[in-house]
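Everything below concerns the one structure shown next.
What follows draws every value from the coordinates through simple rules; no lab data is involved. Remember, predicted model here, so these are calculated numbers, not experimental data. Positions of Cβ are backbone-derived with ideal geometry, glycine not excepted, and every protein chain shown enters the neighbour counts.
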Amino acid sequence: MSEMIRTIAIVLLVFPALVFPATLNQNATKISQTSLVRPVDSTIINTVHSRNSSRAYPKVWLANLLYETLVNFTVRDVGNTACRKQTEMYIRHLQNASYWAVKMSDSWPRYLNGLLIGTTHHMGVYDECVSVHSPVQGKYCIPQINIETTSGEDFTVYSKDAYESHDHAWQEILGGVNYDDRMRLRNEIRTGICIPGSCTATDLQVSLQKELDKTLLAHKLKAQVKVDPMLCSTDKDLYTFDTGYYLTNIFIGLLVLICSLSTTYHMILLIKTGEGEKPKKMPELLNMFSFVKNGRDLIKYDRNNHLNIYNGIKVLTMILVLFGHKFLYYVINPILNPVLVEEIYTKGPFFLLTCMNLVDPFFFTTGYLMYVMLIPQFSRAKCNWTEVPQVIIYKYLKTLPSYIMVMLLTAFVIPHIGDGPFWAYKMWPEAEKCKNYWWANLLAVSNFIPVENQCLIAGWYISCLLQFLVIGTVVMYIYVKRHKLGTRIIFALFCTSLIIPFAITYNTKSYGIIRVMVSFLLNPANSFEFTNLYRQFYLRGIPFYAGLLAGLIADALKKREIQMSTKVAYVSTAIITVICSYIQMYGKVFYVRHRPYNALEQAIYAVLSHCTWTTILFWIAICHTISSYGPIEKIFNNRFVVPLGRLSYPVYLVNITIMMIIESEQRAAVVPRISNLHDGWIAGVFKTYFVAVLIYLCVEAPFGLLIKKLLVGSKSSEDKLKNQTSGEKEPVQIAQNEEIKL
């Protein structure tokens, strides 16, 4: 036994060296004090110069130069007549210290600090600016100012990864290298400015450019000003109130009214029912929309259902997904000290950098439960191939009501429910995507259209799930009818799913991990890997086909009555978890700045990264079938967790939207402390599950029952009678009666 343990230990130590020879250097296995850039950027070498070197640095510090420009800045000399008149009025009243004019002037900063540590936004007080309504409307804008030198000297050749106390402060501003692990270059400045409401973004851009030129050119500096119209806002709702807005609100109002009336009638019947009396039967249609009936279905708990554990796994995974999504949207908002975010690339937590495969457990669970649920259905004596499209259509229709509701809310309602300096910039484009590309979601092809056009960021996952539904249902029918052929197809699909990501990653010379770089955080479309190697179903097949395979193997072991002790299950699961965690965290080395690119290493890791969570869950599925996890199983199988697991679908649909709403209303820069992130995550989790419960009770549950009624009702009475006599269930009934959803 000791020899076996020693051998395993040696293999674990030697394996990375054999597979990844480029990482033998001890320094390469640690995150350096900087983060990764593309291989083409790795030629940049820090050159150490004498501190007495003569360089043409400006003599006045940047903050002082900007203060000289901003202290008395107003929008001047523009062609907009209305803007010019309101500005003249603003200047006169400011000189007289009129309350409204001073409020506008007082709402935005002049002397900017935090320039060296990269403070992303100098915000001022947004609400103070937009609260001015008379005699002019205050408008809050966030221009972007890029500072450059006019001398033509390239200060990047003097750049260092970390500056020392005696280095010149201007070097950090002028010599910034565009590394992808920095929140922004230090010469990029975004500051809030309050202007009269009739002035446009172009008016501000032209006027500010002129004023900066007057100040900076004398110091051999120049500025490039850009003002995005979407970053100019007032406290008025300027998003279009179109027909879709009114129709969506009418539909929601009617739906809430129907549910309220149904629930009220149901409660009256329950109250009037005497003790020992049989409750009066609710009308079937009203019963479908009753919160009482749907609430009971939600909290229903059968402790003997051996599949309950997968509800617990889904809940745990969803909590981690919510934390990841909170982080993604938290760090792209105004940050007071971006260095703390940049240190994540060097100090961790590395889970955040390697967690882009966190949806793999959902794909695995889908595959495994598909095997468990469809085997008895397709094994019925009367079953034929016509039930394959019935199952696919039923599951597809079940996804639509909640899906459509979230798309309608995103397109027509959500843009009107919030405000803030970033609200229009972040939420309006999401609405336009859903108005223009809703069809891709309904056709389940949203994972094949460009990322920048995708309605609902979570839509790619739903499309993948429905595509796997079609494949899995067909494969399972073949497996039941022709066991050997079906087994070979499952193995072939699994092996193919291992080969495809390896081949594509190697041929495209891309990374084997979706790196959570700053450019990706700002816009996922900037990531080649996310756009081309993350959303497509043929690149996400490893966990799904492994789930089918796990069901097949677990079923075979159960039939042979093979047993495993609880102790062995604990120890083996712990060992596998440690090994997979080591492989998962190995992905942190891909964030090391200047690290040589190795195509073979990346291709291998592209496969291994989708095998980490998959392997752990594969083994858990086997152990849960032929053994037991004892008391620890209660964590994943109890009255609290099981209902939360049933909410996984609506939670996944709304969680990103909820996080975006929370973060898009931000008014001021925040310090990115882990405690702040935790607090925001906890609040986001509660809000997400609260909205998910409403979606479930008002949309998913009632329309799911209605869809079931319509599909079952299409069967002839004679067929129903035969099924009842033989004890067989309708295909839809089997799928609906399972507590675990695909």
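A few remarks follow.
- For residue 355, neighbours were defined as the other residues whose beta-carbon sits under 13 Å from its Cβ, and their charges (Lys and Arg +1, Asp and Glu -1) total +2.
- Length-normalised contact order of the range 62-233 in % [C-alpha pairs under 8 Å, at least 6 apart]: 32
- Estimated from the Cβ-Cβ distance and a Förster radius of 35 angstrom, the FRET efficiency linking residue 99 and residue 416 is about 0.70.
- Counting only alpha carbon atoms, the long axis of helix 674-695 and the longest principal axis of the chain meet at about 50°.
- Principal-axis analysis of the Cα atoms of the chain puts helix 360-378 at an angle of about 20° to the longest axis.
- Once the Cβ-Cβ distance of residue 598 and residue 404 is raised to the sixth power relative to R0 = 45 Å, the FRET efficiency obtained is 0.50.
- Ranked list, fewest to most other Cβ atoms within 10 Å of each Cβ, for 483, 325: 483, 325
- As an equivalent ellipsoid, the range 62-233 spans semi-axes of 32, 16, 14 angstrom, where each value is the square root of five times an eigenvalue of the C-alpha gyration tensor, largest first.
- Compactness index (Cα Rg / 2.2 N^0.38 Å), the range 585-688: 1.54
- Inter-site label distance for residue 483 and residue 555 at 7 Å from Cα along Cβ, in nm: 1.0
- Across all Cα pairs in the range 300-737, the calculated P(r) in 10 Å bins from zero up to the longest distance comes to 4, 19, 31, 28, 14, 4, 1, 0 percent per bin.
- Angstrom value of the Kirkwood radius, inverse mean 1/r, which spans all Cα pairs in the range 258-347: 18.0
- What the Cβ-Cβ distance of residue 508 and residue 396 gives, at R0 = 45 Å and to the nearest 0.05, is a FRET efficiency of 0.90.
- Least to most buried among 661, 147 (fewest other Cβ within 10 Å first): 661, 147
- Scanning the chain for cysteines with no neighbouring cysteine C-beta under 4.7 angstrom from their C-beta gives 259, 355, 383, 464, 495, 580, 611, 623, 698.
- Protection proxy ranking of 499-508, 195-204, 359-368 - average other beta-carbon atoms within 10 Å, highest first: 359-368, 195-204, 499-508
- Note on 110, 646: ascending count of other Cβ atoms within 10 Å places them as 110, 646, the fewest first.
- In terms of overall dimensions, the range 208-294 has a Cα radius of gyration and Dmax of 30.1, 93 angstrom.
- Against the chain, whose longest principal axis comes from its Cα atoms, helix 201-216 is set at around 50 degrees.
- Here the range 346-445 is treated as an ellipsoid with the same Cα gyration tensor; its semi-axes, largest first and in whole Å, are 37, 24, 10.
- When each of 272/293; 59/222; 59/210; 558/634; 85/214; 281/709 is checked by Cα-Cα distance, pairs over 19 Å: 59/210; 558/634; 85/214
- Longest site-free stretch - the chain; sites: GluC sites (Glu not before Pro), DSSP loop, at most 13 other Cβ within 10 Å: 278-560
- In percent, rounded to a whole number, the relative contact order of the chain is 20, using alpha-carbon pairs under 8 Å and six or more apart.
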